[in-house]
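Each remark here refers to the structure printed beneath this line.
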Amino acid sequence: MNLKDNKNYEKFDVIIVGAGPGGTTSALALAKAGLKVALFERGELPGQKNVSGGILHYSEHLDRLIPQFWKEAPVERYVTKYKTTVLSSKTSLSFSLKNDEFGKPPYNGYTVLRPKFDKWFAMKAQEAGALLIPETTVTDFIFDKDKKIIGVKTDREDGYLYSDLVIVADGVNSLLSKKAGLRSDFIPEKISVAAKEVLEIPKSVLENRFNLKENEGLAHLFMGEATQGVEGGAFLYTNKTSLSIGVVGKLTSLQECKISIADLLEKFKNLNMIKELIQNTTIKGYSGHLIPEGGIGMVPKLYGNGILVVGDAAGLVCTTGLTIEGMNFAIGSGAVAADVAVSSKKAKDFSERFLSKYGKQLRESFVLSDLKAYRKFTGILENPRIYNVYPSILCETVSNFYKVDGKPKRNIRSLLWKQVKDKVSCLTFIKDAIQIARAILWK
Ligand code: FAD
């Protein structure tokens, strides 16, 4: 399609860049509100370029847009079991959570495969009236003489398109929010890189192996030796007839440890415990991606003249070490951006001053509240000892507690201190313990 020749859509109310969960939510909400919307996606299909370990956490915003979305969305399994395993060189220690409520509607989380989910979600936006323009990369903005954004330039010939407002949802490495002057370069310390594989496995084998009933799912995270000293973690999620398995590592830590993310994934898959879990599976897909993990401190300016930024492009990802929530944050911010766009349209005001409502509404929503509430976890996750010292202290202490060798047993406190003294100074340990306690117990 020649964008300039498309007379019906010469000027849109809103142009959205990126058909991930953030952009598509805005597109769907705006189309439902009767606005003229164009949704650009550089991939051949939405989801094609997207990767995610795959837990879509329950989203009230999505439920409002598509009531009981889980009934028709291509979700794989309802996550009923959450498990975290801490690995040292010879021990693994697991914590497992099963809550009966998680297995009942509206469910707590759903495993999804993004190529399927994003495609379905974009189709819902199209059905509501949004124009999806795939295989098109937005390369820059069109500004008027007052520096207000009035449209976008694309990589198509004559590919200029005009609108009152542009919603930028182009993901973690958002070149467009940088071009709009809303953010500067990313700090590598705040960015992680991930590699993920989808492994095919027969349904009955999967359910037997992971002790799951029909439609039940497991989200299993791994820490410590899982990443061979690299600051990060690993995951294994169950889909209908496949497993999503992956590793996440901080960019800077991978460089320091001189290991690529692809090699790290191979090493993870070759751990004895993991080999057992993934035996007799076939690789169906591989992908790599970045994750913004800077928390609230990494959130850039979220609006400007004629522009709003949502999802990963705005650094809206909440990582706590036990969970990663990005999709529901993208959906939440996409919905709030759509709300603000509708009131802008009513007021015929797309100025930065009017659009600043977006920042206010996001602060009132779970999106910025959660990022603020868990900001101290970001600090903990920046401590390298969380990845390469404490897992081993924990595993060995508990292991020694269980050990029976005919000698008198030492109490657990002295078992812990022995490990601490062997691996880290007592002062450092106390400082770290206070930091963790403050993150959990203090506001
Ligand atoms: P994206 O999903 O990245 O979508 C951006 C879209 O924009 C893409 O489709 C891209 O092709 C398109 N695009 C980019 N630039 C342009 C351009 N110039 N023109 C046109 N189109 C463009 N989150 C969770 O909630 N749960 C999890 O379990 C989870 N696990 C994860 C595991 C991994 C390995 C990774 C990498 C991420 C994980 N996340 C998870 C995070 C989650 O995937 C993201 O937070 C979420 O996808 C952000 O959505 P988004 O719409 O902002 O961006």
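The values are calculated or read from the model by the stated rules, or taken from the named source; none is laboratory data. This is a predicted model, so every value here is computed, not measured. Please note: Cβ atoms are built from the backbone with ideal geometry, for glycine as well, and neighbour counts cover all protein chains shown. Accessible surface is based on the protein model in full, side chains and every heavy atom, while ligands, DNA and RNA are left aside. Shrake-Rupley method; radii C 1.70, N 1.55, O 1.52, S 1.80 Å.
At-a-glance table
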quantity	calculated
Residue 85 being within 11 Å of the ligand (Cβ to nearest atom) and surrounded by 21 or more Cβ atoms within 10 Å (Cβ to Cβ)	no
Every residue from segment 38-69 that is open to solvent by less than 20 Å² (accessible area, probe 1.4 Å), more than 10 Å from the ligand (Cβ to nearest atom) and over 19 Å from the mean Cα position of the chain (by Cα)	38, 66, 69
Residue count, segment 305-317 (criterion: open to solvent by 10 Å² or more (accessible area, probe 1.4 Å) and under 10 Å from the mean Cα position of the chain (by Cα))	1
Residue 176 being of a type in the set (A, V, I, L, M), within 14 Å of the ligand (Cβ to nearest atom) and in contact (Cβ under 8 Å) with a residue 40 or more places away in the chain	yes
Within segment 320-339, tally of residues that are open to solvent by 30 Å² or more (accessible area, probe 1.4 Å) and either within 11 Å of the ligand (Cβ to nearest atom) or assigned to a strand (DSSP E or B) (or both)	3
Wholly enclosed helices (runs of 4 or more DSSP H) of segment 340-438 bearing at least 2 residues more than 24 Å from the chain's Cα centre (by Cα) and surrounded by 14 or more Cβ atoms within 10 Å (Cβ to Cβ)	352-355, 390-402, 412-423
Scan of segment 114-123 for residues that are at pLDDT 95 or above and of a type outside the set (D, E, K, R), ordered by number	117, 120, 121, 122, 123
All positions within segment 41-83 that are small (Gly, Ala, Ser) and either in contact with a Pro (Cβ under 7 Å, 6 or more places away or on another chain) or touching a residue at least 60 places away in the same chain (Cβ under 8 Å) (or both)	43, 47, 52, 53, 54, 59
Number of the condition not met by residue 259 [criteria: (1) within 30 Å of residue 100 (Cβ to Cβ); (2) away from the ligand (no atom under 16 Å from the Cβ); (3) surrounded by 17 or more Cβ atoms within 10 Å (Cβ to Cβ)]	(1)
Positions within segment 172-181 being touching a strand residue (DSSP E or B) at 6+ places or on another chain (Cβ under 8 Å) and either among the charged types (D, E, K, R) or open to solvent by 20 Å² or more (accessible area, probe 1.4 Å) (or both), in sequence order	173, 179, 180, 181
Selection from segment 194-214 of residues that are within 11 Å of the ligand (Cβ to nearest atom) and either closer than 18 Å to residue 94 by Cα or surrounded by fewer than 22 Cβ atoms within 10 Å (Cβ to Cβ) (or both)	197
Some residue of segment 103-117 being over 19 Å from the mean Cα position of the chain (by Cα), open to solvent by less than 10 Å² (accessible area, probe 1.4 Å) and away from the ligand (no atom under 14 Å from the Cβ)	no
Total residues in segment 328-350, condition hydrophobic (A, V, I, L, M, F, W, C) and within 16 Å of residue 19 (Cα to Cα)	6
Condition broken by residue 274, with the remaining ones in (1) touching a helix residue (DSSP H, G or I) at 6+ places or on another chain (Cβ under 7 Å); (2) more than 9 Å from the ligand (Cβ to nearest atom); (3) open to solvent by 20 Å² or more (accessible area, probe 1.4 Å) satisfied	(3)
Flag if residue 283 is open to solvent by 10 Å² or more (accessible area, probe 1.4 Å) and under 30 Å from residue 425 (Cβ atoms)	no
Number of positions in segment 9-26 that are more than 11 Å from the ligand (Cβ to nearest atom) and either modelled with pLDDT of 95 or more or out of contact with any strand residue (DSSP E or B) (no Cβ under 9 Å at 6 or more places or on another chain) (or both)	3
Selection within segment 162-209 - in a strand (DSSP E or B) and of a type outside the set (A, V, I, L, M, F, W, C)	162, 163, 164, 192, 196, 197, 200
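Listed here are the residues, each with its yes/no results for (1) within 15 Å of the ligand (Cβ to nearest atom); (2) out of contact with any Leu (no Cβ under 9 Å at 6 or more places or on another chain).
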| residue | (1), (2) |
| --- | --- |
| 172 | yes, no |
| 185 | no, yes |
| 216 | no, yes |
| 232 | yes, no |
| 240 | no, no |
